[in-house]
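Undergrad: Pasting a structure below so you can have a look.
The values are calculated or read from the model by the stated rules, or taken from the named source; none is laboratory data. These numbers were taken from a predicted model, which means no experiment stands behind them. All Cβ positions, glycine included, derive from the backbone under ideal geometry; neighbour counts span all protein chains shown.
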Amino acid sequence: MRRRPRGMTLVELLVAMTLGLLITLAATAALVAARRGFTTVDAASQLRDNARFATSLIQRLVVQAGYRDVFNVTTKRSNAAGTSADPDPYVYGFDNAVASKTSVTSADPRSDDSLGYFGDVLILRSQPTETYPGSGKADKGMIDCSGFAADTPPANRDDTRASVLFVSPSSSDGEPTLKCYRSATGTVPFDQAVPLIRGVENFQVLYGVDGVVANTAIDPANAALKPDTVPDSYLRADQLTVAGNDTATRANWRRVRSLRIGMVLRSDVGAAQESKTKTLYPLGSSGFSSTDDIGTIYTAPADGRVRQVVTFTVHLRNDQGL
């Protein structure tokens with residue numbers, strides 16, 4: 001006898017639907033986890049690229065700082081026309097400040113509610129070099145922070161090009177960005193700020209000094225403070241200032257032998273695997289961090305971003321003296 005065909009019972013159908021739903025949920029969870037992992041890896045890779053670029057650029061600018069054309073180096077300052085007996089130093093900076101477009105000797109303090117609040121200002125000066133004496137053309141071997149090379153050699157010993165590095169919000173999306181001021185003439189006012197690296201929310205600078213006591217003028221009679229070209233301590237920019245004595249302040253800045261740079265770079269929102277607050281040390285967890293230096297101990301918010309700390313030291317190659 002023929003058996004009548006039978007369909008699925010309601011119970012079998014419910015079981016099959018439940019199993020299918022569980023498999024779909026598992027596959028979706030795996031896909032979401034894989035997608036999030038890909039996003040995290042991609043964001044971390046981008047941060048590493050940004051860190052390498054920042055390190056390479058800043059190291060080159062620091063190594064250039066204080067460079068003078070050979071003619072100006074071999075000419076005594078007292079015999080150089082149009083020069084100052086006490087010029088601005090080749091390395092200068094401000095602690096927790098916003099760079100000025102019209103000055104290299106002053107900056108604006110940051111407000112504690114501003115984006116990129118944890119940021120110092122670093123000013124580096126150098127001279128282009130002439131192709132050969134009397135050519136009137138620079139060899140374009142020296143660049144500023146935006147990558148431009150001067151077309152003409154320096155007019156005198158004090159004719160330098162400045163690169164001003166600082167952090168401020170991007171004009172396009174508001175992200176904290178490492179920017180630079182430059183000038184085609186080497187003097188203020190600077191051109192429009194050039195964005196260098198997006199997502200730099202903390203930029204810290206300490207200065208390795210040789211024979212300098214914080215906020216104190218150099219005493220030539222003190223044998224313990226005799227310079228030996230090796231940094232013996234690291235100070236903030238404001239600690240190189242001698243109140244009411246600009247000459248002593250500039251003398252302290254000329255004793256800078258190295259720079260300690262610390263940065264915190266961040267990705268876009270949602271790139272991290274987890275969202276929680278983290279304590280980061282842009283200048284290292286010991287030895288360089290201080291509770292009275294804003295930003296050297298930095299608590300990153302729980303905003304789902306991937307972050308990377310970049311820390312490096314650059315020793316100055318050129319003499320910063322007069």
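Undergrad: All but one of (1) free of Cβ contacts under 8 Å to residues at least 24 places away in the same chain; (2) touching a Cys at 6+ places or on another chain (Cβ under 7 Å) hold for Thr185; which doesn't?
TA: Condition (2) is where Thr185 drops out.
Undergrad: Of Asp191, Asp151, Asp108, Asp88, which residue is surrounded by fewer than 18 Cβ atoms within 10 Å (Cβ to Cβ) and assigned to a strand (DSSP E or B)?
TA: Asp108
Undergrad: While we're here: Please work out if Thr40 is β-branched (Val, Ile, Thr), farther than 27 Å from Leu165 by Cα and without any contact (Cβ under 8 Å) to a residue 12 or more places away in the chain.
TA: Values: β-branched (Val, Ile, Thr): yes; farther than 27 Å from Leu165 by Cα: yes; without any contact (Cβ under 8 Å) to a residue 12 or more places away in the chain: no.
So Thr40 does not fit the description; no.
Undergrad: Criterion first (modelled with pLDDT under 95 and within 28 Å of Ala43 (Cβ to Cβ)) does Phe288 satisfy it?
TA: Yes; evaluated as a whole, the condition is true for this residue.
Undergrad: Condition first: touching a His at 6+ places or on another chain (Cβ under 9 Å), in contact (Cβ under 8 Å) with a residue 60 or more places away in the chain and closer than 23 Å to Thr177 by Cβ. Can you find one or more residues in the stretch 262-281 that meet it?
TA: No, the conditions are met nowhere in the stretch 262-281.
Undergrad: Here are the criteria: (1) touching a Pro at 6+ places or on another chain (Cβ under 8 Å); (2) farther than 14 Å from Arg307 by Cβ; (3) not aromatic (Phe, Trp, Tyr). Tell me which single one Gly262 does not satisfy.
TA: All conditions pass for Gly262, except number (2).
Undergrad: Next question, about the same structure. Restricting to the stretch 154-175, name every residue that is exposed (fewer than 14 other Cβ atoms within 10 Å of the Cβ) and without any contact (Cβ under 8 Å) to a residue 40 or more places away in the chain.
TA: Ser171, Ser172, Asp173, listed by residue number.
Undergrad: Quick one: which residue in Ala44, Ala27 is small (Gly, Ala, Ser), loosely packed, with under 11 Cβ neighbours inside 10 Å and assigned to a helix (DSSP H, G or I)?
TA: Going through Ala44, Ala27 in turn, just one is small (Gly, Ala, Ser), loosely packed, with under 11 Cβ neighbours inside 10 Å and assigned to a helix (DSSP H, G or I): Ala27.
Undergrad: While we're looking at this one, here's another question. Is it fair to say Ala138 is modelled with pLDDT of 90 or more, surrounded by 14 or more Cβ atoms within 10 Å (Cβ to Cβ) and hydrophobic (A, V, I, L, M, F, W, C)?
TA: Yes: the conditions hold for Ala138.
Undergrad: Check off (1) in contact with a strand residue (DSSP E or B) (Cβ under 6 Å, 6 or more places away or on another chain); (2) at pLDDT below 85 for Tyr90 and give me the number that stays unchecked.
TA: Result: Tyr90 passes all but (2).
Undergrad: Given the stretch 203-299, what strands (runs of 3 or more DSSP E) lie entirely inside it while holding 1 or more residues that are surrounded by fewer than 19 Cβ atoms within 10 Å (Cβ to Cβ) and of a type outside the set (Gly, Ala, Ser)? First the steps, then the outcome.
TA: Details: elements: 233-235, 256-266, 278-280.
Per the criteria, 278-280.
Undergrad: Within the stretch 159-182, is even one residue modelled with pLDDT under 90 and either touching a helix residue (DSSP H, G or I) at 6+ places or on another chain (Cβ under 8 Å) or not in a loop (DSSP other than H, G, I, E, B) (or both)?
TA: Checked the stretch 159-182: no residue is modelled with pLDDT under 90 and either touching a helix residue (DSSP H, G or I) at 6+ places or on another chain (Cβ under 8 Å) or not in a loop (DSSP other than H, G, I, E, B) (or both).
Undergrad: Any idea which of (1) at pLDDT 95 or above; (2) under 17 Å from the mean Cα position of the chain (by Cα) is the one Ile294 doesn't satisfy?
TA: Going through the list (1) at pLDDT 95 or above; (2) under 17 Å from the mean Cα position of the chain (by Cα), Ile294 breaks only (1).
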